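A.B. asks: Before anything else, here's the structure in question.
Nothing in this text is a laboratory measurement; each read-out follows from the coordinates by a stated rule. Given the structure is predicted, the values throughout are model-derived calculations rather than measurements. Every residue, glycine among them, receives a Cβ derived from its backbone with ideal geometry; neighbour counts consider all protein chains shown.
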Amino acid sequence: ILVMFIGGDGNLNLEQRGSLSGVNVLIRMRPALEAAGMKLLYVDIPDRQFSRSDAEYARSVGKMIEQENSEKLPVLVAGISRGSISAANVASRVSVSGMILLSAVTGRTYDGTVRDAPIADISAPSLLLIHNQDACLSSRSESALRSFAREMKKSSSTIVVLEGGRDESSGAGREAACDPKS
């Protein structure tokens, strides 16, 4: 089971009849992941009274995982950009088999960073991905990502620095390489 937390404001923008669409890479990857046999759970933004790093938010996601995992399958959490805050929070408070963070928010945003959860409690192995041309102020520092990995005292982590790809975005008020389609 792969529990997904998208970036940006985290709003899944569910269409009629619960269909999911959007430019976020975790949504665009959905057909390939399902074809590979993954059961996907997409988690919407927290209620306004909670933040992405709030303990109660993590507990509610834990309840959802328990409800959707009657087969007791291995559970991985994955988050991209500000969704990495949610994924790290859940991994620090809920028993999961692994954590995948893409463009982890190590620099301050209006809703915090990956360090706002008790990350020293993350015990699941972690895969941390960063693009060498990431232009987002909050996620472009490889040294900050390495520091974050060291702070996860109970977890083994692998950092992968990505190169290449193509930029399909206009930037919409920020550098194009900090857009969901870059």
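A.B. asks: Along Cα→Cβ, 7 Å out, is where each label goes; now give me the distance between the ones at Glu151 and Ser70 in nm to one decimal.
C.D. replies: 4.0 nm
A.B. asks: Assuming 0.36 nm per residue, please report the length gained on full extension of the stretch Leu40 to Gln133 beyond their Cα-Cα distance.
C.D. replies: Answer, rounded to one decimal: 30.6 nm.
A.B. asks: On to the next question. Sort 101-110, 88-97 by the packing proxy (mean of other Cβ within 10 Å over each peptide's residues), most packed first.
C.D. replies: The peptides rank, most packed first, as 88-97, 101-110.
A.B. asks: Can you tell me, using C-alpha contacts under 8 Å and at least 6 residues apart, the relative contact order of the range 99-162 as a whole percent?
C.D. replies: Normalised by residue count, the contact order of the range 99-162 is 43 percent.
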